[in-house]
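I have placed the structure first, in the form of structure tokens, so that the comments after it can refer back to it.
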């Protein structure tokens, strides 16, 4: 299972316009998921919502327990509802020993060790797909250029990984 935060969904559909990133996850045997809070965030942007609904095949899952959410919200007040819910879903799914990854960009990724969950960003997901031959080097080079032309902020050294 891949649990996506709002920023990753926006990036895939609107910024780099490359839904094949999601197709590659499915082809590699992963279910695509978002939490109710992520869905609410996407609903605030009609264009992204339209892309998500047209794509289909993304399930809305529960976000873990309310206690986890409240604890993280108090401790990390700068995190958005979607990020908090994805982290809590990762904690809950990890307890069940199921195969998953949380796909989160921004500061929430820094909590992976503290929460003992599997986390990657959008570029990390793309690199993982390239390693598994689900995306080609040429596609990654194209994605590099798309990232440069987008308003999606990713550190230059992280983007350089797409060119290797």
Legend entry - Likely footprinting exposure, 43, 1, fewest C-beta neighbours within 10 Å first: 43, 1
Inset, instruction - Using only Cα atoms, find the angle between the long axis of helix 137-149 and the longest principal axis of the chain, and express it within 0 to 90 degrees, rounded to the nearest 10. - result: 70 degrees
Inset, instruction - Would you calculate, for the chain, the mean residue ellipticity at 222 nm contributed by helices, counting each DSSP H stretch of 4 or more residues as -39,500 (n - 2.57) and dividing by all residues, to the nearest 500? - result: -15000 deg cm²/dmol
Legend entry - Calculated Rg and Dmax of the range 30-74 using C-alpha coordinates, Å: 12.5, 36
Legend entry - Degrees between helix 81-95 axis and first principal axis of the chain (Cα, 0 to 90, nearest 10): 80 degrees
Inset, instruction - Would you please classify the overall shape of the range 63-115 from the alpha carbon gyration tensor, given that a ≥ b ≥ c denote the square roots of the eigenvalues, rounded means a/c under 1.5, and beyond that prolate means a/b larger than b/c while oblate covers the rest? - result: oblate
Legend entry - On Cα atoms only, tilt of 122-131 relative to the major axis of the chain in degrees: 60 degrees
Inset, instruction - Taking 7 Å along the Cα-to-C-beta vector as the label spot, tell me the residue 106-residue 136 distance in nanometres, rounded to one decimal. - result: 3.5 nm
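All of the numbers you see were taken from the coordinates with simple rules; none came from a lab. Predicted model only: the values in this text are computed from it and were never measured. Please note: Cβ atoms are built from the backbone with ideal geometry, for glycine as well, and neighbour counts cover all protein chains shown.
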